[in-house]
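Below is one structure, written out as structure tokens; comments come after it.
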Amino acid sequence: MIHVHGPLLFFHVFVVIFQTTNSKTVEAEALLKLKESFQNATVLDSWKPGTEPCAQGKHWVGVVCAHGVVSGLLLGHSGLSGKIDVDALVLLSRLRSVAFLSNSFSGPIPDFNRLGALRGLYISDNQFLGEIPSDYFSKMAGLKKVWLSRNEFSGPVPSSLARLSQLLELHLENNQFSGTIPPLEQKNLVSLNLSNNNLEGEIPAGLLKFSPNAFQGNAGLCGGNSGRACDHSATPSPDSPKDHNSKNGLKIAIWVIVAVILVLLLIIVAVIAILLMRRTQETLFDAPVKENLDTPVRTYSTNVKKDINSNRKGFGSAYRAVSSRRGKPAGDLVLINNDNGSQFGMSDLMKAAAEVLGNGSLGLSYKAMMDGGATVVVKRIKEMNKTGRDKFDAEMRRLANLKHKNLLRILAYHYRKEEKLLVYEYQQKGSLMFLLHGDRGISHADLTWPVRFKIIQGIARGLGYLHTELSTHELPHGDLKSSNVLLTRDYEPLLSDYGFCPLISSSQAAEALSAYKSPEAALNLHVSPKSDVFCLGVMILEILSGKFPCQFLLNAQGGTDLVQWIRSAIQEGREADLLDPDIANAKNFQSGMVQLLHIGAACTETNPDRRLDLREAIRRIDDIDTCQRG
Ligand SMILES: *[C@@H]1O[C@H](CO)[C@@H](O)[C@H](O)[C@H]1NC(C)=O
Ligand SMILES: *[C@@H]1O[C@H](CO)[C@@H](O)[C@H](O)[C@H]1NC(C)=O
């Protein structure tokens with residue numbers, strides 16, 4: 001056997017090398033062919049024969065690469081028109097996502113359905129028109145995101161959409177689709193907009209979870225929360241209308257009875273469970289509960305809502321109440337940053353008085369006050385359970401070695417296979433999110449322009465440091481958002497929750513980390529340090545506007561699309577409208593604020609290649625600083 005393997009292996013390696021070089025030229029040729037089919041392709045100057053689309057450090061504009069191979073085309077807002085040569089696209093075997101948003105393409109929808117492996121198709125804001133064949137999507141089984149909004153499509157909504165089992169997002173608003181909505185029952189569908197078409201008939205049951213403004217502007221739609229009841233007697237049905245209604249009535253009655261019985265059963269089970277829990281909890285709470293806290297009760301206006309009073313208990317009991325294990329946690333704390341001399345162990349922590357601070361995307365965090373007077377924040381991270389001990393130790397030590405004035409320091413950690421605790425310094429002022437959006441009365445007034453400027457500058461510098469020190473990480477921070485920025489007594493910002501990427505599986509990361517809210521991640525393309533820059537941009541806009549960005553809400557409901565807002569404000573030259581009224585009246589400084597808004601906009605550029613470089617962002621922010629003083 002072995003002597004056969006040798007030549008075979010050699011042959012295999014040879015084929016792979018041959019294929020890669022070969023596929024590089026195929027890719028370049030395919031893209032050049034595509035470019036030829038465009039009109040007004042001036043922005044594609046970097047697409048030149050003799051260069052490589054995925055060359056290290058200088059990709060062709062709008063070309064997204066994964067492992068050196070073209071995986072996506074991000075050609076939004078590029079003034080393109082003409083044809084889209086799908087024959088050329090077919091040659092890109094790893095192409096997963098095409099985005100031609102906001103160009104001037106017209107005519108019938110191109111045969112994108114020949115790209116069977118596509119995950120994302122984004123062609124909103126063009127002038128495509130006409131009917132889309134009903135089976136158009138039937139050979140695109142992996143399609144997750146379909147954006148066709150604001151074109152001139154007409155005819156029925158293609159029924160093959162209903163058979164895309166992976167569909168997550170479907171945007172058809174502002175076209176002229178007519179007829180009824182196909183039965184879109186996909187459980188994964190999380191984002192839908194069918195507004196402003198000519199749709200009619202009943203809204204399918206599977207779509208009733210969406211808000212009415214996903215359906216508005218379709219005069220013929222009824223049922224659900226469209227505001228119009230369906231008149232079933234008007235639709236001719238095989239049974240006589242009356243018969244139909246009475247049958248329906250009977251069905252409803254049966255359902256109501258079943259529901260009532262279920263609810264009663266649930267209540268009984270719940271009561272029994274509560275009684276049992278009370279009894280076990282008494283035996284679990286062995287630590288004395290301290291009730292001598294004097295911190296003000298904070299209410300968070302956004303997704304971190306916790307009435308802290310109701311969560312005051314000993315850390316040990318708080319810990320066990322949410323822990324599946326009843327005993328003492330095995331093992332001790334590993335102290336990693338101990339230069340202020342405070343010594344504490346797991347037993348001190350277990351006895352500490354604690355309160356829940358919030359439920360973040362990675363798990364619960366507690367404030368724990370230990371007997372010696374030291375106060376720390378403990379985070380129970382639920383997303384790292386697949387990480388082995390050695391890797392975890394190594395990463396923690398690496399993070400502990402990071403020292404910068406704008407980083408929150410990790411003091412200690414605790415590792416158990418199914419449980420990880422990270423212990424951080426506590427900051428009295430709490431998070432930037434709380435200050436900006438919490439109880440405005442308490443703290444918002446302190447956020448003057450100089451304070452906000454200092455916060456932005458500190459965040460950018462902290463991020464710059466991380467990008468240098470963790471330059472091998474795909475995401476040096478990964479979860480930059482206002483709830484992960486804490487403030488010292490004198491409003492110096494401290495970044496927290498940085499550098500977790502190597503410890504979290506990619507699917508968990510995609511769900512939990514804010515870098516995955518960047519456009520490249522939303523387009524199913526890979527994230528990079530530039531995704532952190534996007535998050536920085538969103539935060540700059542958030543701090544200047546005082547508005548909560550919808551980008552960082554898990555369900556994207558509520559909040560403001562600051563990125564879109566600043567884009568249109570800049571086009572119309574009314575950036576000042578975006579400023580928080582609480583700072584906008586510092587008239588002398590408005591030019592600095594507007595400059596900063598432009599930096600925020602450049603950091604949130606959709607195309608990561610055109611997004612502002614972090615060093616450059618820091619330099620420009622520092623420039624404003626000099627002007628503000630001078
Ligand atoms: C050509 O593209 C540029 C930007 O790339 C754009 O500003 C211009 O409007 C486009 N021209 C036409 C005729 O579409
Ligand atoms: C759907 O699109 C319309 C028109 O652009 C918009 O007004 C509405 O808010 C959108 N609804 C959702 C749920 O996105």
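Can you tell me which residue within the stretch 498-526, out of those that are in contact with an Asp or Glu (Cβ under 6 Å, 6 or more places away or on another chain) and not in a helix (DSSP H, G or I), is farthest from Trp449 (Cα to Cα)?
Among them, the one singled out is Ile504.
Checking Lys83 against (1) of a type in the set (D, E, K, R); (2) surrounded by 17 or more Cβ atoms within 10 Å (Cβ to Cβ); (3) within 16 Å of ligand 1 (Cβ to nearest atom), only one condition comes out false. Which one?
For Lys83, the failing item is (2).
Of all residues being hydroxyl-bearing (Ser, Thr, Tyr) and surrounded by fewer than 16 Cβ atoms within 10 Å (Cβ to Cβ) in the stretch 217-236, which is farthest from ligand 2 (Cβ to nearest atom)? Just the residue, please.
Ser233
Output the residues belonging to the stretch 530-551 that are acidic (Asp, Glu) and more than 14 Å from Leu435 (Cβ to Cβ).
The one that is acidic (Asp, Glu) and more than 14 Å from Leu435 (Cβ to Cβ): Asp532.
How do the pairs read when you match residues in the stretch 74-89 that are polar (S, T, N, Q) with residues anywhere that are away from ligand 2 (no atom under 16 Å from the Cβ) and assigned to a helix (DSSP H, G or I), using Cβ under 6 Å and keeping only pairs 6 or more apart or on different chains?
Listed pairs, sorted by first residue: Ser78/Val43.
Just wondering, is there one or more residues in the stretch 176-187 that are under 26 Å from Ala521 (Cβ atoms) and within 16 Å of ligand 1 (Cβ to nearest atom)?
No, the stretch 176-187 contains no residue that is under 26 Å from Ala521 (Cβ atoms) and within 16 Å of ligand 1 (Cβ to nearest atom).
Scanning the stretch 37-62 for residues that are within 16 Å of ligand 1 (Cβ to nearest atom) and of a type in the set (Val, Ile, Thr), which turns out farthest from the chain's Cα centre (by Cα)?
Only one residue fits best here, namely Thr42.
Per-residue answers, yes or no, for (1) closer than 30 Å to Asp582 by Cα; (2) touching a strand residue (DSSP E or B) at 6+ places or on another chain (Cβ under 8 Å):
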residue	(1), (2)
Arg389	no, yes
Ala394	no, no
Arg398	no, no
Arg409	no, yes
Gly430	yes, yes
Phe453	yes, no
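With Ser106, Ser124 as the choices, which residue is within 16 Å of ligand 2 (Cβ to nearest atom) and at pLDDT 90 or above?
Selected residue: Ser124, the only one of Ser106, Ser124 that is within 16 Å of ligand 2 (Cβ to nearest atom) and at pLDDT 90 or above.
Applying the selection to the stretch 83-122, what residues are aliphatic (A, V, I, L, M), in a loop (DSSP other than H, G, I, E, B) and closer than 21 Å to Glu173 by Cα?
Leu101, Ile109
If you take the residues of the stretch 159-216 that are assigned to a strand (DSSP E or B) and within 12 Å of ligand 2 (Cβ to nearest atom), which of them is surrounded by the fewest Cβ atoms within 10 Å (Cβ to Cβ)?
My answer is Ser191.
Give me the pairs: first residue in the stretch 577-603 and assigned by TED's automatic domain parsing to the domain that holds Arg567, second residue assigned to a helix (DSSP H, G or I) and among the basic types (Lys, Arg), beta-carbon distance under 8 Å, and six or more apart or on different chains, which are they?
These pairs meet every condition: Ile583/Arg452; Gln595/Arg620; Ile599/Arg620; Ala601/Arg567.
In the stretch 136-159, which residues are closer than 24 Å to Leu221 by Cβ and touching a helix residue (DSSP H, G or I) at 6+ places or on another chain (Cβ under 9 Å)?
Tyr136, Phe137, Lys145, Val146, listed by residue number.
Given the options Leu364, Leu399, Leu357, name the one that is under 21 Å from Ala515 (Cα atoms), of a type in the set (A, V, I, L, M) and outside any helix (DSSP H, G or I).
Leu364
Of Arg489, Arg461, which residue is touching a residue at least 40 places away in the same chain (Cβ under 8 Å) and either under 26 Å from Asp393 (Cβ atoms) or not in a helix (DSSP H, G or I) (or both)?
Result: Arg489 is the single residue among Arg489, Arg461 that is touching a residue at least 40 places away in the same chain (Cβ under 8 Å) and either under 26 Å from Asp393 (Cβ atoms) or not in a helix (DSSP H, G or I) (or both).
The values are calculated or read from the model by the stated rules, or taken from the named source; none is laboratory data. This is a predicted model, so every value here is computed, not measured. Glycine gets a Cβ as well: all are built from the backbone with ideal geometry, and neighbour counts include every protein chain shown.
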